[in-house]
Amino acid sequence: MSRPLIGAHVPARGRPARAVDEAEARGAEAFQIFVSNPRAWALPRISRGAAQEFRERREAAGSPPAFAHASYLVNIASPNPQFWRRSVELAMGEARVAAALALDGLVVHAGAGGPGERAAAVARAGAAATAIAEMGAPVLLELTAGGSGTVASTLTEAVDLLEAAGGDPRLGIVVDTCHLFAAGTPLDDPRQARVALDPLDAPPLSGRLRLVHANDARDPRGSRRDRHEHVGEGHIGEESFRTILTHEAVRRVPVIIETPGKVEEDRRNIALLRRLAGD
């Protein structure tokens, strides 16, 4: 296919197989789910029957790319030892469920450390990522929107994080367009956006991009605010999304929307992204 497979984050409502139905209702060619409560510390559990039901339902749907997103509470770079251990334990539990579901990866935010200790924070995040990957699911490190103590919000910083993890081949990165823009990358200018994404196609990042979150931004470039907007209705704009979606590195990976709204709005965002991608 000359364009990326485009889909959405969908609800599972306690039954993973239901996520496949939700994806189909949106016309999604790929999807992402939570495998635990994203705002709680409870370790996720899944029965063999529920895991088998999901795998069979996904296969019947044509085996679309599917990912899990870790809890929002997880901070793999936390300077607090107890919080760091708790974060790693929760993400490891989520990775075990992702492996049982045969998902294509667990998305984990790159995290943030304390003021003035970025090197130590990057080292903690790298160690955490390799530990989580031991659970059997690929770990996909999502670049954040920037801010105090951030570990990786730019492609250059992503290289640092991967190096801290020893170049572990089980690790990939996730680019969220809203995050990258909020961190200061000029995605709102189509010409600059293409240049800004070119490092994804060159060593040491070539092959590391595994997923794109396609979200417009409510706030201006460099705001460091992670507030998603519908595609084309924020500060990035349609023409820049056309540039992003047709970039060689992006065309090879699934694209997921995480925009606010109902099923109909997800369908509209997905259809627009397909058109901008050249469908």
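The values are calculated or read from the model by the stated rules, or taken from the named source; none is laboratory data. Values in this document were obtained by computation on a predicted structure and should not be read as measured data. Backbone-built Cβ (ideal geometry, glycine too); neighbour counts: all protein chains shown. Just so you know, the surface numbers come from the protein's heavy atoms only, side chains and all, with ligands and any DNA or RNA stripped out. Shrake-Rupley method; radii C 1.70, N 1.55, O 1.52, S 1.80 Å.
Of all residues in region 1-50 being aromatic (Phe, Trp, Tyr) and within 18 Å of the chain's Cα centre (by Cα), which is nearest to Val263 (Cα to Cα)? Break it down stepwise before answering.
Of region 1-50, the ones aromatic (Phe, Trp, Tyr) are 31, 34, 41.
Keeping just the survivors that are within 18 Å of the chain's Cα centre (by Cα) gives 31, 34.
Values: Phe31: 13, Phe34: 17 Å.
The selected residue is Phe31.
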Worksheet item: List pairs: first in region 48-61 and in contact (Cβ under 8 Å) with a residue 24 or more places away in the chain, second β-branched (Val, Ile, Thr) and open to solvent by 60 Å² or more (accessible area, probe 1.4 Å), Cβ under 9 Å, 6+ apart or cross-chain?
Response: none
Item to complete: Could you list, in sequence order, all residues of region 112-151 that are touching a His at 6+ places or on another chain (Cβ under 7 Å) and either without any contact (Cβ under 8 Å) to a residue 24 or more places away in the chain or not β-branched (Val, Ile, Thr) (or both)?
Response: Glu142, Leu143, Ala145
Worksheet item: What number goes with the only condition from (1) open to solvent by less than 20 Å² (accessible area, probe 1.4 Å); (2) within 26 Å of Ala137 (Cβ to Cβ) that Arg208 does not pass?
Response: (1)
Item to complete: Looking only at region 135-162, count how many residues are of a type in the set (D, E, K, R) and in contact with a helix residue (DSSP H, G or I) (Cβ under 6 Å, 6 or more places away or on another chain).
Response: 1
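Out of Val263, Val250, Val255, which single residue is open to solvent by 10 Å² or more (accessible area, probe 1.4 Å) and touching a residue at least 60 places away in the same chain (Cβ under 8 Å)?
Numbers: Val250 fails: open to solvent by 10 Å² or more (accessible area, probe 1.4 Å); Val255 fails: open to solvent by 10 Å² or more (accessible area, probe 1.4 Å).
Criteria check complete, one pass: Val263.
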Worksheet item: For the subset of region 26-68 comprising residues that are exposed (fewer than 13 other Cβ atoms within 10 Å of the Cβ) and among the aliphatic types (A, V, I, L, M), which member is farthest from Glu94 (Cα to Cα)?
Response: Ala60
Discussion item. Can you say whether Ala249 is of a type in the set (Gly, Ala, Ser), under 25 Å from Val108 (Cβ atoms) and within 16 Å of the chain's Cα centre (by Cα), as far as the supplied structure shows?
Written reply: yes
Discussion item. Consider region 164-200. How many of its residues are under 21 Å from Ala277 (Cα atoms), open to solvent by 60 Å² or more (accessible area, probe 1.4 Å) and touching a strand residue (DSSP E or B) at 6+ places or on another chain (Cβ under 9 Å)?
Written reply: 0
Discussion item. Given (1) over 19 Å from Val139 (Cα atoms); (2) part of a loop (DSSP other than H, G, I, E, B); (3) open to solvent by 60 Å² or more (accessible area, probe 1.4 Å), identify the lone condition not met by Arg18.
Written reply: (2)
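Confirm whether Ile132 is open to solvent by less than 40 Å² (accessible area, probe 1.4 Å), touching a helix residue (DSSP H, G or I) at 6+ places or on another chain (Cβ under 9 Å), among the aliphatic types (A, V, I, L, M) and not in a helix (DSSP H, G or I).
On the way: open to solvent by less than 40 Å² (accessible area, probe 1.4 Å): yes; touching a helix residue (DSSP H, G or I) at 6+ places or on another chain (Cβ under 9 Å): yes; among the aliphatic types (A, V, I, L, M): yes; not in a helix (DSSP H, G or I): no.
Criteria not met by Ile132.
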Discussion item. Can you confirm whether Arg225 is of a type in the set (D, E, K, R), more than 18 Å from Ile6 (Cβ to Cβ) and touching an Asp or Glu at 6+ places or on another chain (Cβ under 6 Å)?
Written reply: yes
Worksheet item: Is there a residue in region 95-109 that is open to solvent by 40 Å² or more (accessible area, probe 1.4 Å), within 23 Å of Gly207 (Cα to Cα) and not small (Gly, Ala, Ser)?
Response: yes
Practice prompt. Take Arg3 and decide whether it is open to solvent by less than 40 Å² (accessible area, probe 1.4 Å), charged (D, E, K, R) and in contact (Cβ under 8 Å) with a residue 60 or more places away in the chain.
Written response: yes
Worksheet, complete the sentence: Note on region 69-86: residues of a type in the set (A, V, I, L, M), crowded, with 22+ Cβ neighbours inside 10 Å and over 15 Å from Ala98 (Cβ atoms) are Ile76, Ala77
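Listed here are the residues, each with its yes/no results for (1) hydrophobic (A, V, I, L, M, F, W, C); (2) not in a helix (DSSP H, G or I).
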| residue | (1), (2) |
| --- | --- |
| Gly49 | no, no |
| Phe54 | yes, no |
| Ala68 | yes, yes |
| Trp84 | yes, no |
| Leu140 | yes, yes |
